[in-house]
Amino acid sequence: MYKAVFDTNVYVSAAVYGGKPEILFKLSWKPHNQFELYTSHEILKETVRILTSEKFGLGREEIADTVASIVDAAKVVEPGKRLSVIDDDPDNRVLECAVQARTGFIISGDSHLIDLEEFKGVRILKTAEFLALIETR
């Protein structure tokens, strides 16, 4: 079974806009379980920080529901090692989580990560690419 970490922007897109990020997120839920999803406390904190911005206009309950859905769907890991691959960027937390959980994939829409293409054996894909990969399995 595939193992993946979502970048914060995937969770935000799923919660706010729906579309492919939401479809992909739901495929990690029971009974679908198309892949194993991993996250960390740092990724959850960053997701909350972004969702609480006035830009999205979400209420506390909507944000709490989103975080609860993530925690229900994903295994939460605590990375033991801090990385600084991308200068001054929270995307380093995503890399740490993927390395700790020994995932095969990071799913992101962020060019900082996408441009890496791969990190320590972890492929970095856009949402549509990963969705196509698991649908052809």
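Just so you know, all these numbers are worked out from the coordinates, no wet-lab data involved. Computed from a prediction, not measured in an experiment: that's the story for all the values here. Cβ placement follows ideal geometry from the backbone for every residue including glycine, while neighbour counts extend to all protein chains displayed.
Only four residue types carry charge here, +1 at the Cβ of Lys and Arg and -1 at the Cβ of Asp and Glu. Report the dipole size of segment 1-48 about the Cα centre in Debye, rounded to the nearest 20.
Here segment 1-48 has a charge dipole of around 180 debye.
Quote the FRET efficiency, to the nearest 0.05, computed for Lys3 versus Thr52 with a Förster distance R0 of 30 Å and r equal to the Cβ-Cβ distance.
Efficiency, from the Cβ-Cβ distance: 0.55.
Please compute the modelled spin-label separation between Ser84 and Glu135, points set 7 Å along Cα→Cβ, answer in nm with one decimal.
The answer from the label model is 4.2 nm.
The chain: longest stretch without exposed GluC sites (Glu not before Pro) (DSSP loop, at most 15 other Cβ within 10 Å), sites themselves excluded?
Segment 55-116 is the longest.
Have a look at Ala64, Ala74, Ala15 and tell me which one the Gaussian network model of the chain (Cα, springs below 10 Å) gives the largest fluctuation.
Ala64
For Val71 and Ile23 in the same chain, what is the full-extension length gain: residue separation times 0.36 nm, less their Cα-Cα distance, in nm?
15.6 nm
What would the Debye formula give as log10 I(q)/I(0) at q = 0.15, 0.22 Å⁻¹ for the alpha-carbon point model of the chain, no solvent?
-0.66, -1.49
For segment 1-82, which trypsin sites (Lys or Arg not before Pro) pass both filters: DSSP loop (anything but H, G, I, E, B) and at most 11 other C-beta atoms within 10 Å?
Those that pass, being in a loop and sparsely packed, are Lys55, Lys81, Arg82.
Are any of the pairs Lys20/Lys55; Lys20/Lys81; Lys3/Lys26; Lys45/Lys75; Lys26/Lys126 more than 23 Å apart by Cα-Cα distance, and if so, which?
Pairs exceeding 23 Å: Lys20/Lys81.
Got a sec? Charge dipole of the chain, +1 on Cβ for Lys and Arg, -1 for Asp and Glu; which of Thr66, Pro31, Val122 is way out at the positive end?
So the residue we want is Pro31.
By counting other Cβ atoms within 10 Å of each Cβ, how are Tyr17, Tyr2 ranked from fewest to most?
Tyr17, Tyr2
With contacts defined as alpha carbon pairs under 8 Å and 6 or more residues apart, what's the relative contact order of segment 16-137 in percent?
23 percent
With +1 assigned to the C-beta of every Lys and Arg and -1 to the C-beta of every Asp and Glu, and no other charges, what is the dipole magnitude of the chain about the Cα centre in debye, to the nearest 20?
Here the size comes out at about 480 debye.
Taking segment 33-62, which chymotrypsin sites (Phe, Trp or Tyr not before Pro) meet the DSSP loop condition and have no more than 15 other C-beta atoms within 10 Å?
Sparse-neighbourhood loop chymotrypsin sites (Phe, Trp or Tyr not before Pro): Phe56.
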